[in-house]
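The values are calculated or read from the model by the stated rules, or taken from the named source; none is laboratory data. Model, not experiment: these values are computed from the prediction. Glycine also receives a Cβ, built like all others from the backbone with ideal geometry; neighbour counts cover every protein chain displayed.
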Amino acid sequence: MAKYTTKLNERRDAAEGTMAFHLEKPPGFQFKAGQYMNVTLIDPPETDAEGNTRSFSIASAPFETDLVVTTRMRDTAFKRVLRTITLKSEIRISGPFGSFTLHTDASRPAVFLVGGIGITPFRSMILQAAKDKLALKLYLFFSNRRPEDAAFLDDLQKAGKQNPNFKFIGTMTDIRKSKRPWQGETGYITEEMLRRWVKDLNGPIYYTAGPPGMVAAMRQMLTTSGIGDDDIRTEEFTGY
């Protein structure tokens, strides 16, 4: 397992209550879009029972300069420290890990079914696919309560306009509480919604990531729609 010491270059809001942390990419650190890494605080000023290490999907694409991790900002010691330490502070990372990566058969589209902070590995996949000019068709169904809660929403909408092989389908489940205009889908991701956008449900490989309840619901919906387990790939985000 490769370990590196890096520095915190930048932090910014990715959505309401969600922050993106930009880490300097160490020389020799290579990863595939969709993989994750472990992030460890070095001698933090406070800690708690959850410890000083967390696993994060890498939200940045391999071609981008920084390594970006993104998280909902719960009130834990780890996240309080990450939010307040000075820029250029040293942080330890290890990895990359995981096989939640894009398939290579261009004849089969990829359909991403995503809730909330589960967007992080897909941002990496989508931007890298555009950079590499992949012929693979990509569909992103991205569910949030409101546009204000949707991390990287502007990035993804822009990518949908720039890459003819990528279709962005955002949907909001509580749009009445939003102050931003929204012209996209509303409600939860359903088989009916999929059929409006994907011609043949049996053609694609499906990927879903996010909270365990959402991942389980998406798998159940796909199974009920006649999609076999071999065509469904999942990753659960817990404790975020």
Worksheet entry | One residue from E191, E185, E235, E148 being more than 25 Å from T18 (Cβ to Cβ) and of a type in the set (D, E) | E191
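Here is a yes/no grid of residues against (1) modelled with pLDDT under 95; (2) at positive phi; (3) among the hydrophobic types (A, V, I, L, M, F, W, C):
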{"position": "R54", "(1), (2), (3)": "yes, no, no"}
{"position": "I58", "(1), (2), (3)": "no, no, yes"}
{"position": "A61", "(1), (2), (3)": "no, no, yes"}
{"position": "L67", "(1), (2), (3)": "no, no, yes"}
{"position": "D75", "(1), (2), (3)": "yes, no, no"}
{"position": "K79", "(1), (2), (3)": "yes, no, no"}
{"position": "K88", "(1), (2), (3)": "no, yes, no"}
{"position": "S94", "(1), (2), (3)": "no, no, no"}
Fill in: Answer residue from the range 183-216, given it is crowded, with 19+ Cβ neighbours inside 10 Å and of a type in the set (G, A, S) and is nearest to A110 (Cα to Cα) among those
A209
Worksheet item: From E50, E24, E46, E16, which residue is acidic (D, E) and either in contact with a Lys or Arg (Cβ under 6 Å, 6 or more places away or on another chain) or assigned by TED's automatic domain parsing to the domain that holds Y206 (or both)?
Response: E24
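Within 20 Å of I117 (Cβ to Cβ), in a helix (DSSP H, G or I) and small (G, A, S): is that true of A159 in this structure?
Yes: the conditions hold for A159.
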Discussion item. Step by step: first the residues of the range 62-97, then only those that are under 20 Å from E236 (Cα atoms) and of a type in the set (A, V, I, L, M), then the one that is surrounded by the fewest Cβ atoms within 10 Å (Cβ to Cβ). Which residue is that?
Written reply: M73
Fill in: Matching entry among P27, P62 (being without any contact (Cβ under 8 Å) to a residue 40 or more places away in the chain and either part of a loop (DSSP other than H, G, I, E, B) or in contact with a Phe, Trp or Tyr (Cβ under 7 Å, 6 or more places away or on another chain) (or both))
P27
Worksheet item: Name the residues in the range 189-222 that are more than 30 Å from T71 (Cβ to Cβ) and either part of a helix (DSSP H, G or I) or not β-branched (V, I, T) (or both), would you?
Response: E191, E192, R195, R196, K199, D200, L201, N202, G203
Response to the item:
Selection from the range 65-87 of residues assigned to a loop (DSSP other than H, G, I, E, B) and more than 17 Å from the chain's Cα centre (by Cα) yields T65, R74, D75, T76, I85, T86, L87
Fill in: Hits in the range 118-136 (condition: assigned to a loop (DSSP other than H, G, I, E, B) and in contact (Cβ under 8 Å) with a residue 60 or more places away in the chain)
none
Worksheet entry | Considering residues of the range 223-240 that are outside any loop (DSSP other than H, G, I, E, B) and of a type in the set (S, T, Y) only, the residue surrounded by the fewest Cβ atoms within 10 Å (Cβ to Cβ) | T224
Item to complete: Taking G34 as meeting all but one of (1) closer than 27 Å to R146 by Cβ; (2) surrounded by fewer than 16 Cβ atoms within 10 Å (Cβ to Cβ); (3) in contact with a helix residue (DSSP H, G or I) (Cβ under 6 Å, 6 or more places away or on another chain), write down the number of the exception.
Response: (2)
Discussion item. Take the conditions of a type outside the set (D, E), exposed (fewer than 13 other Cβ atoms within 10 Å of the Cβ) and touching a helix residue (DSSP H, G or I) at 6+ places or on another chain (Cβ under 6 Å) and apply them to R180. Does it pass?
Written reply: yes
Fill in: Any hit, the range 183-196, residues being within 22 Å of S124 (Cα to Cα) and not assigned by TED's automatic domain parsing to the domain that holds S57
yes
Discussion item. Condition first: among the polar types (S, T, N, Q), surrounded by fewer than 13 Cβ atoms within 10 Å (Cβ to Cβ), within 23 Å of H22 (Cβ to Cβ) and in contact (Cβ under 8 Å) with a residue 12 or more places away in the chain. Can you find one or more residues in the range 158-167 that meet it?
Written reply: yes
